[in-house]
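Visitor: Structure below; questions to follow.
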Amino acid sequence: MTNPPASSASSNDQAQLANPQWGGRFASGPASIMSEINASIGFDKKLWRQDIRGSLAHAAMLQKVGLLTAEEEADIQRGLAEIGREIDAGTFPFSTALEDIHMNIEARLSERIGEAGKRLHTARSRNDQVATDFRLWTRDAIDGLRGQTAALMRSLATRALEHHATPMPGFTHLQVAQPVTFGHHLLAYVEMLSRDDGRLEDARSRLNESPLGVAALAGTSFPIDREMTAKTLGFDRPTANSLDTVSDRDFALELLSALSIQAMHLSRLAEEIVNWASAPFGFVRLSDAFTTGSSIMPQKRNPDAAELVRAKIGRIAGDFIGLLTVMKGLPLAYAKDSQEDKEPVFDAVEAMTLSLAAMDGMIRDLQPNTERMREVAGMGFSTATDLADWLVRELRLPFRTAHHVTGRLVGMAEEKKIDLADLSLGEMQSVEPGINATIFDVLTVESSLASRTSFGGTAPSNVKTQAERWLTSLESAA
């Protein structure tokens, strides 16, 4: 067995008391402002579970290759377990002087178990340690967000199946365009969220390489087993280049990029809920659980939950741009600038976690006003395209000609302040003599919906099939 490294001399211990971060190189402590700007324990203590996991894997590997005895590894396991319980209970003595979560845990471990705790840092640096912890935390966060995303997709698909045949107006330019079903509209967001989930899955796949063991920037001379620690921590493989490893934050940027797009999708849905819940639309009602009142207007029911979800894109996209700006000019390998990586990721994940939970609750809570949606679906000559399609299909008119004929009929109806279906057959034939009475069969909202049977269309039969497909797929994935 290889002998463990010798313990530090007492003079070094004294130097560490003068400056607990750096030991013998520095004879006095940092200025107070340096301590304040340099310390990260205020936010990176979120990584404590991942730090302990990484240390346990590292200790097991050191014991396997002969750099720790079995007794020392057992002491480390026991000490880290006790520290975990302390932190979980809120009794751990966090110290700003020790800068970060890594040195706080290491110092506490040495207090508890003595020399074995000091040997734990053999063959690693805080550079690869923080990279490992942060990847582990990000991976855990992605898993949680993907679970929430799937839950929201299930809620949307469930409501879509419930309303697969419920008419509502489809809009372009926020003008009534053609009838669609409420279920079809909700399934559009299921599609968006499925792409969001794919981006999260891709990000997770790329980040799943272990930094542990590359040390400060150049690797280590100790006979370590990086494959072992990678496997223990659930990584697919160890990273291949030590310089890239300690400086890489692509995994954080990729997560923030994916969350920015997802926040944009949630913001769009939130905007629709805000509109739908307003009196001019009157399409849906949210219960007291997701609305608030006014301090002066007793009649108000404000969709504040939706408005707040709508706003989260600002901070999440801001977190992405912030970290991108931090990283853009950094030379290899590690620089302290990278300490600015965690807060934007923590913030964005927290904001998205809350947004997904709130949106899931609103989708399950909202009650559609189906009569109002049906009424508006027929407004604005929304079946005009159906009339043009009939002219092409039945009279074999070129579409551009049919478009022109339909436009003249819409103008006639508009002038008379009636709907297309209320024009008489004679009035229609004055514009196009070939029109016959069967034209009226296509001028209802229901007939318009039923006709849209092309793949991806809004026909109720299509929507029912797609909603059921999504629910089956989500159940299988779960």
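Visitor: Does THR229 satisfy the condition of being free of Cβ contacts under 8 Å to residues at least 40 places away in the same chain, more than 30 Å from LYS300 (Cβ to Cβ) and either surrounded by 20 or more Cβ atoms within 10 Å (Cβ to Cβ) or among the basic types (Lys, Arg) (or both)?
Guide: no
Visitor: Turning to a different aspect of this structure: For GLU375, indicate whether it is closer than 30 Å to PHE43 by Cβ and without any contact (Cβ under 8 Å) to a residue 12 or more places away in the chain.
Guide: It is false that GLU375 is closer than 30 Å to PHE43 by Cβ and without any contact (Cβ under 8 Å) to a residue 12 or more places away in the chain.
Visitor: Working carefully through the options THR458, THR370, find the one that is crowded, with 17+ Cβ neighbours inside 10 Å and under 21 Å from THR172 (Cα atoms).
Guide: THR458
Visitor: Hey, another quick one. Could you please let me know if GLU468 is open to solvent by less than 80 Å² (accessible area, probe 1.4 Å) and in a helix (DSSP H, G or I)?
Guide: yes
Visitor: Same structure, new question: Which condition from (1) open to solvent by less than 20 Å² (accessible area, probe 1.4 Å); (2) in contact (Cβ under 8 Å) with a residue 60 or more places away in the chain; (3) in the same structural domain as PHE43 (by the TED database); (4) of a type in the set (Gly, Ala, Ser) is the one that GLY84 breaks?
Guide: With respect to (1) open to solvent by less than 20 Å² (accessible area, probe 1.4 Å); (2) in contact (Cβ under 8 Å) with a residue 60 or more places away in the chain; (3) in the same structural domain as PHE43 (by the TED database); (4) of a type in the set (Gly, Ala, Ser), GLY84 is out only on (2).
Visitor: Give LEU474, LEU391 a once-over and let me know the one that is open to solvent by less than 30 Å² (accessible area, probe 1.4 Å) and under 30 Å from THR149 (Cα atoms).
Guide: Among LEU474, LEU391, only LEU474 is open to solvent by less than 30 Å² (accessible area, probe 1.4 Å) and under 30 Å from THR149 (Cα atoms).
Visitor: If I filter the range 289-313 down to residues being at pLDDT 95 or above and over 17 Å from ASP360 (Cβ atoms), which single residue comes out as surrounded by the fewest Cβ atoms within 10 Å (Cβ to Cβ)?
Guide: In this case the residue turns out to be ALA311.
Visitor: Out of the range 132-175, which residues are part of a loop (DSSP other than H, G, I, E, B), buried (at least 17 other Cβ atoms within 10 Å of the Cβ) and of a type in the set (A, V, I, L, M)?
Guide: Correct list: ALA165 only.
Visitor: Would you say LEU443 is aliphatic (A, V, I, L, M), touching a residue at least 24 places away in the same chain (Cβ under 8 Å) and either under 20 Å from ALA188 (Cα atoms) or in the same structural domain as TYR189 (by the TED database) (or both)?
Guide: Against the criterion (aliphatic (A, V, I, L, M), touching a residue at least 24 places away in the same chain (Cβ under 8 Å) and either under 20 Å from ALA188 (Cα atoms) or in the same structural domain as TYR189 (by the TED database) (or both)), LEU443 does not qualify.
Visitor: Which one of the conditions (1) open to solvent by 20 Å² or more (accessible area, probe 1.4 Å); (2) assigned to a helix (DSSP H, G or I); (3) among the polar types (S, T, N, Q) does GLN50 fail to meet, given that it meets all the rest?
Guide: The single condition GLN50 does not satisfy is (1).
Visitor: Would you confirm whether or not the range 289-298 contains a residue that is touching a residue at least 12 places away in the same chain (Cβ under 8 Å) and in a loop (DSSP other than H, G, I, E, B)?
Guide: Checked the range 289-298: at least one residue is touching a residue at least 12 places away in the same chain (Cβ under 8 Å) and in a loop (DSSP other than H, G, I, E, B).
Visitor: Something else about it: So, restricting to helices (runs of 4 or more DSSP H) that lie completely within the range 369-426, which ones have at least 3 residues that are touching a strand residue (DSSP E or B) at 6+ places or on another chain (Cβ under 9 Å)?
Guide: 370-377, 384-395
Visitor: While we're here: Assess whether GLU414 counts as being farther than 21 Å from GLN178 by Cβ, charged (D, E, K, R) and either modelled with pLDDT under 95 or out of contact with any Lys or Arg (no Cβ under 6 Å at 6 or more places or on another chain) (or both).
Guide: In short, no.
Visitor: Quick one: in the range 256-288, which of the residues that are in a helix (DSSP H, G or I) and over 16 Å from SER355 (Cβ atoms) is most open to solvent (accessible area, probe 1.4 Å)?
Guide: Selected residue: ASP288.
Visitor: May I pose another question? Please specify each residue of the range 438-464 satisfying the condition of being closer than 20 Å to GLU162 by Cβ and among the hydrophobic types (A, V, I, L, M, F, W, C).
Guide: Correct list: VAL445, LEU449, ALA450, ALA459, VAL463.
Visitor: When you go through (1) farther than 18 Å from ASN275 by Cβ; (2) open to solvent by 20 Å² or more (accessible area, probe 1.4 Å) one by one for MET352, which number turns out not to apply?
Guide: Looking at each condition in turn, MET352 falls short on (2).
Visitor: Is it the case that LEU200 is open to solvent by less than 10 Å² (accessible area, probe 1.4 Å) and in the same structural domain as ARG364 (by the TED database)?
Guide: So LEU200 passes the test.
Visitor: Which one of these is in contact (Cβ under 8 Å) with a residue 12 or more places away in the chain, of a type in the set (S, T, N, Q) and under 30 Å from ALA305 (Cα atoms): SER260, SER242, SER210?
Guide: None of the other options fit; the residue is SER260.
Visitor: Also, I was wondering about something else. ILE224 versus (1) surrounded by 20 or more Cβ atoms within 10 Å (Cβ to Cβ); (2) in contact (Cβ under 8 Å) with a residue 60 or more places away in the chain; (3) within 25 Å of the chain's Cα centre (by Cα): which is the lone unmet condition?
Guide: Result: ILE224 fails condition (3) only.
Visitor: Still on this structure: Which is modelled with pLDDT of 95 or more, of a type in the set (D, E, K, R) and over 30 Å from LEU256 (Cβ atoms), of ARG85, ARG53, ARG124, ARG135?
Guide: Residue meeting the stated conditions: ARG85.
Visitor: Here are some residues: PRO331, PRO344. Which one is of a type outside the set (A, V, I, L, M, F, W, C) and over 16 Å from the mean Cα position of the chain (by Cα)?
Guide: Unique residue meeting the criteria: PRO331.
The values are calculated or read from the model by the stated rules, or taken from the named source; none is laboratory data. Here the structure is a predicted model, which means the values were calculated and not measured. Here the Cβ is made from the backbone with ideal geometry for all residues, glycine too, and neighbour counts use every protein chain on show. Please note that ligands, DNA and RNA were not included when accessible areas were found on the heavy atoms of the full protein model with its side chains. Shrake-Rupley method; radii C 1.70, N 1.55, O 1.52, S 1.80 Å.
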